[in-house]
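Asks: Here it is: the structure, laid out below.
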Amino acid sequence: MAIRNKLLLGGLLALISLTANADLPGKHPYYLHALSDLRAARWMLEHRPGDAVVSGQEDTAIVEIDAAIGEIKHAAIDDGKDIHDHPPVEGPKDRPGRLHKALELLRKVHSDVAREEDDPMVKGLRDRAVGHIDGAIHATELAVRDVRQGR
């Protein structure tokens, strides 16, 4: 009976330890911030009415954002982050400002994700995510240019 109680106590302590560690920010808290900002940028691009030319650039940016989200999710999972934490999206109330705000968020995400990575398994994920983020930035910059030129 004493051995059984010791095993139960040991299992309980291990479970408490794992639960407590799940709430710690971990090695790379920027992954969660980046996911939140990518989702916000995506929402702003999706909910901004525009003409067909701008929509094409926005669609390209959204595809790149989706790919970056996938890569960052893998990196965050490898780092032990809770990828299901979704803070609410707050964006500009005026629709014309959404392209600029999305671009600002994408640049911030680039800065967050491009940080030094120690884990060789995650470096490739990070590098692919940065490539997709750069693609989204480029497409959004083209959309802003097209709006300015009245295309």
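The values are calculated or read from the model by the stated rules, or taken from the named source; none is laboratory data. This structure is a prediction, so every number in the text was calculated from the model and none was measured. Methodologically, a virtual Cβ is constructed for each residue, glycine included, from the backbone with ideal geometry; neighbour enumeration extends over all protein chains shown. The accessibility values were calculated without ligands, DNA or RNA, using every heavy atom of the protein model including side chains. Shrake-Rupley method; radii C 1.70, N 1.55, O 1.52, S 1.80 Å.
Asks: Would you call residue 133 modelled with pLDDT of 85 or more and either within 22 Å of residue 60 (Cα to Cα) or open to solvent by less than 70 Å² (accessible area, probe 1.4 Å) (or both)?
Replies: Considered against the rule, which asks whether it is modelled with pLDDT of 85 or more and either within 22 Å of residue 60 (Cα to Cα) or open to solvent by less than 70 Å² (accessible area, probe 1.4 Å) (or both), residue 133 comes out as yes.
Asks: If residue 90 satisfies every condition in (1) modelled with pLDDT of 70 or more; (2) exposed (fewer than 14 other Cβ atoms within 10 Å of the Cβ) but one, which is the exception?
Replies: Failed condition: (1).
Asks: Does residue 33 satisfy being at pLDDT 70 or above and within 15 Å of residue 126 (Cβ to Cβ)?
Replies: yes
Asks: Please determine, by comparing only the residues of the range 109-151 that are assigned to a helix (DSSP H, G or I) and among the polar types (S, T, N, Q), which one is farthest from residue 69 (Cα to Cα).
Replies: Taking the candidates together, the pick is 140.
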